[in-house]
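The values are calculated or read from the model by the stated rules, or taken from the named source; none is laboratory data. Worth saying up front: this structure is predicted, and the values here are computed from it rather than measured. Note that we place each Cβ from the backbone using ideal geometry, even for glycine, and neighbour counts take in every protein chain shown.
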Amino acid sequence: MSWEQLQLEGNPRAAIRRAAAVLQAGGVVVFPTDTVYGLLAAATSASAFQRLFELKQRPADQPLALLARAGHPLATLALDLLLDFPEERRSFRGGGLTLIVADELVPAAALPKNIRRLQAGRVGVRVPAHAAAQALLRAVGGLAWATSANAHRAAPSATAAQVADWLATLTNPPELVVTCAAPLAGVPSELALLDGDRLLFLKR
């Protein structure tokens, strides 16, 4: 089955506008980030949230993380919680760390109830160090559900060709795929769980 595809370098503003429109309409989008290609859904769309699990064949008991725009209350909270971990705080600022925190530490202003209803419990957040991804997040309200654009337990996609190979295996692919000419870094962010006054690094 075919899908709509745009190249980011061709017209970045148009690609970002189109991706934002698809997300806001409840669709799913493949989009480049600073690490690997991401599979994104609007933060408040229950149907798109569920499709991320279906597309990846991801177990329901493995929570999704949220991508956040720089300066979003959830991103600011994460930075505050990392004050005692300067090295990891720098990594978070640079997009290299996904921080997982207990739900009770996240105020309503940082994570509204309609998002919590989709996924209760711990909250994972990452701020991608990627200008286009940041522009997309700003266009959709600052948050988006995200996972890597590949099958569950498969290697993450760092090139447009790898994305296409995965999409070709799907019967109901994402509505929009945005790629870029150059390969991405190809290394996913680290996962760290804040447990009281300890920071525990987790395996993906």
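At a glance:
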quantity: All positions within segment 48-99 that are among the aliphatic types (A, V, I, L, M), within 16 Å of residue 152 (Cβ to Cβ) and in contact with a Lys or Arg (Cβ under 9 Å, 6 or more places away or on another chain); calculated: 52, 64, 65
quantity: Wholly enclosed strands (runs of 3 or more DSSP E) of segment 1-96 bearing at least 2 residues in contact (Cβ under 8 Å) with a residue 40 or more places away in the chain and either buried (at least 19 other Cβ atoms within 10 Å of the Cβ) or touching a helix residue (DSSP H, G or I) at 6+ places or on another chain (Cβ under 6 Å) (or both); calculated: 28-31, 38-42, 65-68
quantity: Condition met for residue 113 (basic (Lys, Arg) and within 20 Å of residue 204 (Cβ to Cβ)); calculated: no
quantity: Any hit, segment 131-154, residues being within 22 Å of residue 35 (Cα to Cα), of a type in the set (A, V, I, L, M, F, W, C) and more than 16 Å from the chain's Cα centre (by Cα); calculated: yes
quantity: Of residues in segment 188-204 being closer than 20 Å to residue 67 by Cβ and among the aliphatic types (A, V, I, L, M), the one surrounded by the most Cβ atoms within 10 Å (Cβ to Cβ); calculated: 192
quantity: Filter pass, residue 103 being at pLDDT below 95 and either under 30 Å from residue 170 (Cα atoms) or surrounded by 21 or more Cβ atoms within 10 Å (Cβ to Cβ) (or both); calculated: no
quantity: Segment 156-187, residues that are surrounded by fewer than 18 Cβ atoms within 10 Å (Cβ to Cβ) and under 16 Å from the mean Cα position of the chain (by Cα); calculated: 185, 186, 187
quantity: Residue 111, sole failed condition from (1) modelled with pLDDT of 95 or more; (2) closer than 21 Å to residue 60 by Cβ; (3) surrounded by 16 or more Cβ atoms within 10 Å (Cβ to Cβ); calculated: (1)
quantity: Near pairs, Cβ below 7 angstrom, 6+ apart or cross-chain, from segment 131-148 (small (Gly, Ala, Ser)) to any residue that is modelled with pLDDT of 95 or more and part of a helix (DSSP H, G or I); calculated: 132/12; 132/16; 135/16; 139/16; 139/20; 144/23; 144/137
quantity: Selection status of residue 121, more than 30 Å from residue 2 (Cα to Cα), in contact with a helix residue (DSSP H, G or I) (Cβ under 7 Å, 6 or more places away or on another chain) and exposed (fewer than 15 other Cβ atoms within 10 Å of the Cβ); calculated: yes
quantity: Within segment 1-46, tally of residues that are under 18 Å from residue 68 (Cα atoms) and either at pLDDT below 95 or of a type in the set (Ser, Thr, Tyr) (or both); calculated: 5
quantity: Residue ranges of strands (runs of 3 or more DSSP E) in segment 114-204 with at least 1 members at pLDDT below 95 and acidic (Asp, Glu); calculated: 190-195
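For every residue, the table says whether it meets (1) within 21 Å of residue 132 (Cα to Cα); (2) touching a strand residue (DSSP E or B) at 6+ places or on another chain (Cβ under 9 Å).
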| position | (1), (2) |
| --- | --- |
| 49 | no, yes |
| 71 | yes, no |
| 74 | yes, yes |
| 83 | no, no |
| 97 | yes, yes |
| 100 | no, yes |
